[in-house]
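Read the structure below first, then the notes.
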Amino acid sequence: MNQVAFIELINPFKDKVFRLAKRLLTSTEEAEDATQEVMVKLWNKKENLDAYNNIEAVAMTMTKNYCLDQLKSKRAGNLKIVHNNYTDREPQLDKKLEDSNSLEWVEKIINQLPEQLQILIQLRDVEQYEFDEIAKIVNMNETAIRVALSRARKKIRESMVNTHSYGIR
Amino acid sequence: MELDKIENILEKYFQGETTIAEEKELKEYFSSPNVAQHLEQYKPMFGYFSQVKQQKTTQEIPLQTKKRNVAWLSIAASVVVILGIGAFYLASQKTTAPVVAQSELGTYDNPEEALAATQKALALLSNNVNVGIESVQYIQEYEQSKNKIFKQ
């Protein structure tokens, strides 16, 4: 497989890999590093890629594992520097009614979910994967995915309702 | 009617039982301008999902092309070797050519002719040697004068 064929192969899901990495790692730079890492790993495996019938699922699984590893190694250190760690809660109060900002709350709410739920929300609600594809990527059965997804969506709704009513009062 | 349907799908959505098509319908509904008042609170949620999907990586992926480099390197190396061998052959052909010419030069099949040519060549040599000696003759004069003055 040459470079051009490889680029064509990865183009359809390159951005999905990036968005999943960004969901988990928060920072754009780290997400780009992760994307690069995953693509280079795929490229090094290019002789065996034909053996997989769904390369996109493989790429997404690799991304998920890579990001979780990154988070784990970061947590092993003393300082956890994650974006939502040093956000200031005060100034956003007066901006709450702006529309673009309400999208930011959603982001913050999702970022506070456990990683597994974040991954599911990302794969289903953002990337719109079918349940059987998600099952391959996260290695869970479909029922468990539905249950977890329902829990994640309800949590988002709950936090949204809270924030919404705070905004009005 | 429409609203009932949306509420129905929304309920299913939070149970994790919607299909992709139904979820698309929800996204479309919440991105439209006329969202019912009591459903307004879900708008940012679906808006966010659509917005996040627009994000794209701008970064180029550096693919390692080590194998190709090795191939190019070997091609370059073989070109150098071929050029080297070619240059060597050319050079050696140039040096052998005059040697052959020299050995052919001055070869005679007839002995008389060879004798004449040899005599001519030796005569030429001795003439030149005599010319050389003549010019050195006056040194002997010096020697004689010196011997006269410094008697030993």
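The values are calculated or read from the model by the stated rules, or taken from the named source; none is laboratory data. Since the structure is predicted, the reported quantities are computational estimates derived from the model, not experimental observations. As a convention, Cβ positions derive from the backbone with ideal geometry for all residues, glycine included, and neighbour counts pool all protein chains shown.
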Collect the residues in the stretch A:145-162 that are over 13 Å from B:Thr18 (Cβ atoms), facing another protein chain (nearest Cβ under 9 Å) and of a type outside the set (Val, Ile, Thr), keeping them in residue-number order.
A:Ala148, A:Arg151, A:Ala152, A:Lys154, A:Arg157, A:Met160
Just a yes or no: is a residue in the stretch B:35-48 in contact (Cβ under 8 Å) with a residue 24 or more places away in the chain, surrounded by 14 or more Cβ atoms within 10 Å (Cβ to Cβ) and either part of a helix (DSSP H, G or I) or at the interface with chain A (Cβ under 10 Å from one of its Cβ atoms) (or both)?
yes
Can B:Ala21 be described as among the hydrophobic types (A, V, I, L, M, F, W, C) and either at pLDDT below 90 or farther than 24 Å from A:Arg19 by Cβ (or both)?
no
Which residues, taken from the stretch B:9-19, are surrounded by 12 or more Cβ atoms within 10 Å (Cβ to Cβ) and more than 13 Å from A:Arg146 (Cα to Cα)?
B:Ile9, B:Leu10
Single residue of B:Gln51, B:Gln59, B:Gln41, B:Gln37 found to be under 15 Å from A:Ile121 (Cα atoms) and modelled with pLDDT under 90
B:Gln51
Set B:Lys12, B:Lys53, B:Lys24: member being farther than 17 Å from A:Gln118 by Cα and at the interface with another protein chain (Cβ under 9 Å from one of its Cβ atoms):
B:Lys24
How many residues are more than 9 Å from every other protein chain (Cβ to nearest Cβ) and under 19 Å from the mean Cα position of the chain (by Cα) if we restrict to the stretch A:1-15?
3
